[in-house]
Amino acid sequence: MGATADQFVEAEFLPGADALRRLAGDEEHDTEAFAWLVPELDDAGKLPAPVLAVQVTRPAGDGRGVVAVGVSLHHAVPDGKSFWQFLRWWSAASRGDLLTAVPGDLMPPPPFDRTAIRHRREEELTAWILRLRAPMLPTLGHRWSSSTACRRTKTFLLVADEIQSLKQRLSQKLPKPASAYVAISSLAWTCIVGAKMSSHMIHDDDDAFLMVHADCRGRLHRPPIDKGFFGNCVKPCYARARAANLMPPRHLVEHNDGLAHAAAAIQETIRDGLEAAGENLFANFGEVLKYHMALPPGRASTVGSSHRFMAYETDFGWGPPSRVELASISPFCLISQESRVLEYVLENLHIS
């Protein structure tokens, strides 16, 4: 079911409550069924483009306390942190907390001032992007297909002890301790590259790439930008490694540690992208876009979310969700880290 700009849609899930609950519990995803639960942004390929659509889906018949909330939000408006900031405000309003809370308990209103993230050559860069992506304005050019017929995705659950063990193992071999984000991204990246190597999609001497999105809030100082800024304030950073170096040893005489190699590459690209870039973090944004476009097909994966977004703390008044999924389509293998115990999803849907 589609939706026009900023539209709220109510829908019915004909397979029923038990089928909807199975979607919330199955490790292997029914991507076609997930697609039914998320509204599309109609005419998002042309200007003026809708930016928000919400779909609330109840099962046919006796709902028995299960509902799915699907949200489509145009990425031109928020990054991941801002998306979950929006959901926190919305869910607080849904619970009535905004009416009963004392001022000190409320989240501060998000600032929208984009002065700090303006590019010194923004007009030239904008013109270049428009020539590339939207030469026939108001048509915006190619959009990824919403087809899920050939896509298989799966959720893997890591408990806190497993994450801590992974962090400790990696930290022994790295110049700085591994964060949960780096540790889980490394594990997922090595697994993806290993699967592609076993199917001969990538070979030993090929370079593999992992794109991570580094949050720049709190790192911009002239002028400063508030950590609660609502909008896009992330910088893509690209870890690069020889595929064979991301694999575990194949023989007893080998000493390669693929996980540590992956973690070191991720730490290095974040450091270079944020710390080594100085105060003007977006100065080379045009070069970053060109680098992204030149990535060899099939070699890139991307981390599309973070456990720090605390998605499982979203509560519309029914308690925390039993499952949260990122349902958007990407041409890359997508790693989505959502914090519960902690899960990461290879491939946002909110099921309560």
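The values are calculated or read from the model by the stated rules, or taken from the named source; none is laboratory data. All values derive from a computational prediction rather than experimental measurement. Neighbour counts are summed over all protein chains in view; Cβ atoms, including those assigned to glycine, are modelled from backbone coordinates with ideal geometry.
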Open item on the list: Tally up the residues in segment 187-240 that are farther than 30 Å from TRP89 by Cα, among the small types (Gly, Ala, Ser) and assigned to a strand (DSSP E or B), please.
Closed with: 2
Task: Matching residues, segment 207-229, being modelled with pLDDT of 90 or more and crowded, with 17+ Cβ neighbours inside 10 Å - done: ALA208, PHE209, LEU210, MET211, VAL212
TODO: Scan segment 171-179 and give yes if some residue there is among the charged types (D, E, K, R), surrounded by 13 or more Cβ atoms within 10 Å (Cβ to Cβ) and out of contact with any Ser or Thr (no Cβ under 6 Å at 6 or more places or on another chain), otherwise no.
DONE: yes
Task: Any hit, segment 43-56, residues being aliphatic (A, V, I, L, M), under 18 Å from the mean Cα position of the chain (by Cα) and more than 27 Å from ALA17 (Cβ to Cβ) - done: yes
TODO: Name the one entry in ALA53, ALA92, ALA49 that is in a strand (DSSP E or B) and on the phi < 0 side of the Ramachandran plot.
DONE: ALA53
Task: Filter pass, SER352 being outside the structural domain of ILE184 (by TED's automatic domain parsing), under 20 Å from VAL67 (Cα atoms), modelled with pLDDT under 80 and out of contact with any helix residue (DSSP H, G or I) (no Cβ under 8 Å at 6 or more places or on another chain) - done: yes
Open item on the list: So, in segment 156-183, exactly how many residues are out of contact with any helix residue (DSSP H, G or I) (no Cβ under 8 Å at 6 or more places or on another chain) and of a type in the set (Gly, Ala, Ser)?
Closed with: 3
